[in-house]
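Written out below as structure tokens is the structure these notes cover.
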Amino acid sequence: MPTIGIADTTFARCNMGAAAVDELKQHINAKLIRVTVPGIKDLPVAAKKLIEEQNCDIVMALGMPGSKPQDKTCAHEASTGIIAAQLMTNKHIIEVFVHEDEGRDDKELSFLMDSRTREHAKNVVKMLQSPEQMIKEAGTGQREGFADAKPLGR
Amino acid sequence: MPTIGIADTTFARCNMGAAAVDELKQHINAKLIRVTVPGIKDLPVAAKKLIEEQNCDIVMALGMPGSKPQDKTCAHEASTGIIAAQLMTNKHIIEVFVHEDEGRDDKELSFLMDSRTREHAKNVVKMLQSPEQMIKEAGTGQREGFADAKPLGR
Amino acid sequence: MPTIGIADTTFARCNMGAAAVDELKQHINAKLIRVTVPGIKDLPVAAKKLIEEQNCDIVMALGMPGSKPQDKTCAHEASTGIIAAQLMTNKHIIEVFVHEDEGRDDKELSFLMDSRTREHAKNVVKMLQSPEQMIKEAGTGQREGFADAKPLGR
Amino acid sequence: MPTIGIADTTFARCNMGAAAVDELKQHINAKLIRVTVPGIKDLPVAAKKLIEEQNCDIVMALGMPGSKPQDKTCAHEASTGIIAAQLMTNKHIIEVFVHEDEGRDDKELSFLMDSRTREHAKNVVKMLQSPEQMIKEAGTGQREGFADAKPLGR
Amino acid sequence: MPTIGIADTTFARCNMGAAAVDELKQHINAKLIRVTVPGIKDLPVAAKKLIEEQNCDIVMALGMPGSKPQDKTCAHEASTGIIAAQLMTNKHIIEVFVHEDEGRDDKELSFLMDSRTREHAKNVVKMLQSPEQMIKEAGTGQREGFADAKPLGR
């Protein structure tokens with residue numbers, strides 16, 4: 001049985017961690033370990049600790065970067081750290097970030113945070129259980145949260 | 001008894017380290033170790049030394065980036081280093097940065113530096129003593145220093 | 001017989017991994033190992049795992065960054081991670097990124113994704129089998145996907 | 001007796017290394033080891049070599065980034081590397097950069113390069129000999145080269 | 001006898017590697033090892049492999065970043081990687097980049113690529129054979145390729 005880590009933040013405006021737990025439970029029999037940190041810049045080490053101290057096979061790092069320029073910089077720093085944490089552990093950390101200005105209003109933002117989290121939870125399940133299914137979907141323009149993009153004809 | 005490191009700078013325009021010590025003492029019985037460096041770019045290694053040479057369980061890295069474009073770059077470099085230091089030690093370093101231009105005037109800036117430091121000191125206490133309380137606050141739009149954001153309905 | 005890793009994404013709008021496999025098979029007798037991840041930020045660790053867990057001698061990391069500013073940041077983060085993964089393994093990871101806005105329309109974009117992948121597949125073959133041929137082409141303005149640049153006279 | 005490393009560049013337009021040596025000699029009995037490299041991007045490894053191969057306890061990294069946008073990028077890369085070098089060695093490397101456009105004219109630029117170097121040399125002495133003095137100056141708005149900033153009242 | 005690595009690219013529009021070899025041969029009795037990679041982002045690991053697998057004492061990393069914004073980002077990523085490679089090996093890697101838009105026309109660009117490479121080759125020789133000469137030139141406004149800058153009077 002795989003162990004999946006879920007790290008989210010108190011800064012986000014909806015409970016992405018709960019959405020991840022709910023979706024994962026519907027698709028996989030796994031041990032789930034959850035942790036919550038203040039903001040997205042705390043996610044890289046939180047994810048690494050889940051991997052190295054809690055033996056997680058994969059981690060979801062969930063966050064909602066704010067809309068100010070400074071918040072964009074924070075998101076960049078967090079993403080860079082999440083990639084570094086993966087390279088140090090040889091484990092995938094699936095980053096699920098929804099920028100506060102991606103939704104036109106609170107309702108769309110809330111929808112996006114929930115749906116992107118759930119679609120990436122399904123990616124996590126596929127990566128753990130059926131990597132060959134991922135290869136079948138290569139280059140098909142998958143998008144998480146919004147509608148998929150149109151694949152290009154040849 | 002946990003050991004908490006506090007690193008701040010001579011560059012900042014108010015004593016963030018003293019505010020952190022004062023707030024921590026009100027909420028936790030811990031050994032506090034303080035160090036002061038010239039500027040925010042000196043914080044990453046200062047925090048790492050607190051962890052590795054002084055056995056700190058967690059560190060607060062306190063700074064006030066200036067308002068010039070060049071200062072924004074410094075803040076980005078410092079933040080990147082603080083994240084790297086965490087990944088190298090598997091310990092949290094809670095970054096508390098208040099940009100000099102976040103306050104409309106000196107009074108608001110001073111308020112912000114004090115209140116953000118104190119709110120993050122409370123985060124540190126929760127992370128050490130009651131991580132389950134952090135999970136309860138997941139996605140509730142917590143902000144440190146300013147008013148919290150509105151959680152999104154579903 | 002060398003082992004070549006091929007990592008691509010479900011986000012891309014055409015099957016770059018299949019193009020790489022097809023081109024490599026025409027030019028080299030090698031073991032090919034393919035993996036598909038959600039997006040370009042998942043490529044650095046995917047490539048590192050191909051090297052360290054699957055013994056790949058070289059890896060192609062194939063992706064199509066989107067056209068929004070945020071996508072450009074993602075591409076930068078992915079590239080930084082791909083370079084770090086190379087430094088940690090002492091193996092080349094040939095990054096083949098085609099930005100969604102590099103093509104004037106879907107047709108050109110599709111052509112570019114296919115041709116750049118195939119030209120870099122040929123680079124991979126040369127790097128493995130005839131590095132002296134690479135030296136012969138030094139400074140000749142090679143471009144992958146578009147027409148080569150004009151070498152400068154002396 | 002501590003060992004202090006001093007790394008500067010041939011690119012800079014005045015001899016920052018000589019100013020550092022002169023100032024340090026007035027304040028501390030230390031072994032000084034000096035090295036000069038072409039430009040600021042050569043400073044990170046120069047500083048790390050001073051620490052690891054010459055046993056320096058602390059290093060001053062002195063440079064004058066140019067005024068073009070490309071030079072700003074170089075400065076960012078050098079600073080990032082200097083922070084990384086500190087994290088890899090657990091030693092402070094005090095970066096003293098004076099951007100060529102910080103001075104209104106050559107005279108002010110020259111003054112700034114000299115005075116900032118000397119003030120940071122004093123920081124180095126304090127960090128080595130009286131870290132408790134640094135704590136006393138926490139949050140007092142210290143600036144190196146220009147006049148100090150006004151501390152904020154409470 | 002020192003071993004000097006030379007890494008360049010097929011992307012560049014003139015043969016920087018050949019210029020480096022020619023200049024080095026005029027000034028030093030050294031073993032020269034050359035490698036050519038597709039683009040500048042392949043240089044960091046190429047340089048690291050020259051150091052760790054071919055025992056180079058120092059490496060020249062030669063490239064011509066393109067003039068588009070995306071090319072500037074590539075150059076930044078390559079430079080960051082080159083600095084990281086140095087920190088991981090404690091060896092200098094002298095980066096010689098000439099941006100395609102630094103020359104007003106093809107003739108000046110070609111001149112610049114040749115002259116900057118040759119001047120940095122001389123730096124490499126000095127760093128290997130007479131580091132004290134580098135210290136003598138500290139702060140003298142040395143520029144590679146263009147005319148030197150004016151040293152500042154005191």
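The values are calculated or read from the model by the stated rules, or taken from the named source; none is laboratory data. The model shown is predicted, which means the values in this text are computed figures rather than measured ones. All Cβ positions, even for glycine, are placed from backbone atoms using ideal geometry, and neighbour counts span all protein chains on display.
Overview of results
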{"quantity": "Test: residue in the stretch C:35-42 that is in a helix (DSSP H, G or I), out of contact with any Asp or Glu (no Cβ under 9 Å at 6 or more places or on another chain) and under 27 Å from residue E:48 (Cβ atoms)", "calculated": "no"}
{"quantity": "Members of the stretch C:93-110 that are surrounded by 18 or more Cβ atoms within 10 Å (Cβ to Cβ), not acidic (Asp, Glu) and not in a loop (DSSP other than H, G, I, E, B)", "calculated": "C:93, C:94, C:96, C:97, C:109, C:110"}
{"quantity": "Residue match in the stretch B:137-148 (condition: modelled with pLDDT under 95 and hydrophobic (A, V, I, L, M, F, W, C))", "calculated": "yes"}
{"quantity": "Filter result (outside any loop (DSSP other than H, G, I, E, B) and either closer than 27 Å to residue B:18 by Cβ or hydroxyl-bearing (Ser, Thr, Tyr) (or both)) within the stretch D:83-92", "calculated": "D:83, D:86, D:87, D:89"}
{"quantity": "Given (1) within 15 Å of residue A:9 (Cα to Cα); (2) buried (at least 22 other Cβ atoms within 10 Å of the Cβ); (3) at pLDDT 95 or above, index of the condition residue B:65 fails", "calculated": "(1)"}
{"quantity": "Residue list for the stretch D:1-25, filter: in a strand (DSSP E or B) and free of Cβ contacts under 8 Å to residues at least 40 places away in the same chain", "calculated": "none"}
{"quantity": "Selected residue (only one of B:71, B:106, B:148 is among the acidic types (Asp, Glu), over 13 Å from the mean Cα position of the chain (by Cα), more than 7 Å from every other protein chain (Cβ to nearest Cβ) and more than 25 Å from residue D:76 (Cβ to Cβ))", "calculated": "B:148"}
{"quantity": "Filtered residues of the stretch C:119-133 (kept if farther than 12 Å from residue C:94 by Cα and either buried (at least 21 other Cβ atoms within 10 Å of the Cβ) or of a type in the set (Ser, Thr, Tyr) (or both))", "calculated": "C:130"}
{"quantity": "Verdict on residue B:20 being closer than 23 Å to residue A:10 by Cβ, more than 10 Å from every other protein chain (Cβ to nearest Cβ) and crowded, with 23+ Cβ neighbours inside 10 Å", "calculated": "yes"}
{"quantity": "Single unsatisfied condition, residue E:81 versus (1) more than 10 Å from every other protein chain (Cβ to nearest Cβ); (2) crowded, with 24+ Cβ neighbours inside 10 Å", "calculated": "(1)"}
{"quantity": "Matching residues in the stretch A:123-152 - criterion: being in a helix (DSSP H, G or I), among the charged types (D, E, K, R) and within 19 Å of residue A:20 (Cβ to Cβ)", "calculated": "A:126"}
{"quantity": "Where a residue in the stretch D:46-73 is touching a residue at least 60 places away in the same chain (Cβ under 8 Å) and its partner, wherever it lies, is assigned to a loop (DSSP other than H, G, I, E, B), with Cβ under 8 Å and at least six apart", "calculated": "D:57/D:2; D:57/D:91; D:58/D:2; D:58/D:91; D:58/D:92"}
{"quantity": "Residue within the stretch A:87-102 that is facing chain C (nearest Cβ under 8 Å) and under 30 Å from residue B:102 (Cα atoms) present", "calculated": "yes"}
